[in-house]
Amino acid sequence: MNDGRRSLPIAVFDSGIGGLTVLHELLVSLPEEDYLYLGDTEGFPYGTKSAGWLRPRIELMVRFLLGRGAKLLVIACNSATAAGADVARAVAAERGVEVLTVVDPEAEIAAAITESGRIGVLATPTTVEGGAYRRALERRAGQGELEIVEVAAPDLAPIIQNGFPFDETVIDTVRSYCEPLRRARIDTLILGCTHYPLVAPMLQRMLGRDVRMVTAGHAVAATAQRELQGRGLEAENAGEGDYRFLCTADVASFRELGTRFLQMPLGEVERVEIDPGDRS
Ligand code: DGL
């Protein structure tokens, strides 16, 4: 299929800047593509909000983002995936755009690599309460095959998004989240929030070097590549594509923290006002 859509960007959506850890992998794996990233920094954090608040918000954001034109949508936010993947898919389907999310790819990897069958999931309350990881893991391994230990971390994404000064309080908070995971002697940990790769070294140190960490980036990038090839939507130009950013709150803090998350320079960042009445 090629109806002129090959030249459109891949849209990437997150509640803030955590999704930049996924965008980073996409930029490395599919450098020739263009990307348009939307961080709903005004709505952040998603991980402690109700489904009743999140679902219409996600609909609004996805409508806005796809309204700019995109050939594929990546929901690079576990909380948004858990609360509203179906909402995003319904909006995208109206435009014939495929949606990739972050929960399933990690569950697939974790179920494949665990040796003991004891898998930890560290995620936001929204994600844990929605049960998306448990369902995805059980679909792969069958009920009772895995021991799944889910830990809801209400403070961790906000700590990271706020620039995470590594003081003792932060370390104690992270340690308290690791405690049930250590007790359960997990051998695999799903980092069930796209902010968490930024604290992976701290988690690895607290849990021990034998625990394998699973993040979404690689798997999503591989799936995106398959999806584009399957639909004949790969970028026509060789070389490096461009990437642009939209956010719903302060541009300066997005740019400063975003550079750290992306580990690459950020180009243009545009602040967007999203009108709740806009259903275009
Ligand atoms: N990146 C989001 C997620 O993956 C951050 C959580 C939040 O917005 O609270 O869940």
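The values are calculated or read from the model by the stated rules, or taken from the named source; none is laboratory data. These numbers were taken from a predicted model, which means no experiment stands behind them. Reconstructed Cβ throughout: ideal geometry from the backbone, glycine too, with neighbour counts over all protein chains shown. Note: areas computed on protein heavy atoms with side chains; ligands, DNA, RNA excluded. Shrake-Rupley method; radii C 1.70, N 1.55, O 1.52, S 1.80 Å.
Descriptive notes on the structure:
- Of the DSSP H helices in the chain, those whose Cα atoms cover at least 18 Å axially and whose Kyte score averages 0.5 or more: 51-67
- Selection from 204, 266, 243, by position along the positive dipole direction of the range 201-280 (Cβ): 204
- Value of relative contact order over the range 1-124, rounded to a whole percent, pairs C-alpha under 8 Å and six or more apart: 28 percent
- Gyration tensor verdict on the range 177-250 (Cα atoms; rounded if a/c is under 1.5, prolate if a/b is larger than b/c, oblate otherwise): prolate
- Taking every protein chain into account, the accessible area of the range 1-115 amounts to 31 square angstrom per residue (probe 1.4 Å).
- Overall, the accessible surface of the range 220-280 at a probe of 1.4 angstrom is composed of carbon and sulfur to the extent of 44 percent.
- Test item: Cα-centred dipole of the range 8-90, Lys/Arg +1 and Asp/Glu -1 on Cβ, debye: 340 debye
- Relative contact order (percent, whole number), the chain, Cα cutoff 8 Å, 6+ residue spacing: 28 percent
- Residue-normalised accessible area of the range 149-272, expressed per residue, 1.4 Å probe, Å²: 50 Å²
- For the chain, the longest site-free run once trypsin sites (Lys or Arg not before Pro) in DSSP loop states with at most 15 other Cβ atoms within 10 Å are removed: 96-184
- For the chain, the Cβ-based charge dipole about the Cα centre amounts to some 520 debye (Lys, Arg positive; Asp, Glu negative; other atoms uncharged).
- Global geometry of the range 211-268, whether rounded, prolate or oblate, following the gyration tensor of its Cα atoms and the 1.5 cut on a/c: oblate
- When +1 charges are put on Lys and Arg Cβ atoms and -1 charges on Asp and Glu Cβ atoms, the dipole computed for the range 24-155 relative to its Cα centre reaches about 460 debye.
- Global form of the chain, assessed from the alpha-carbon gyration tensor, a/c cut-off 1.5: prolate
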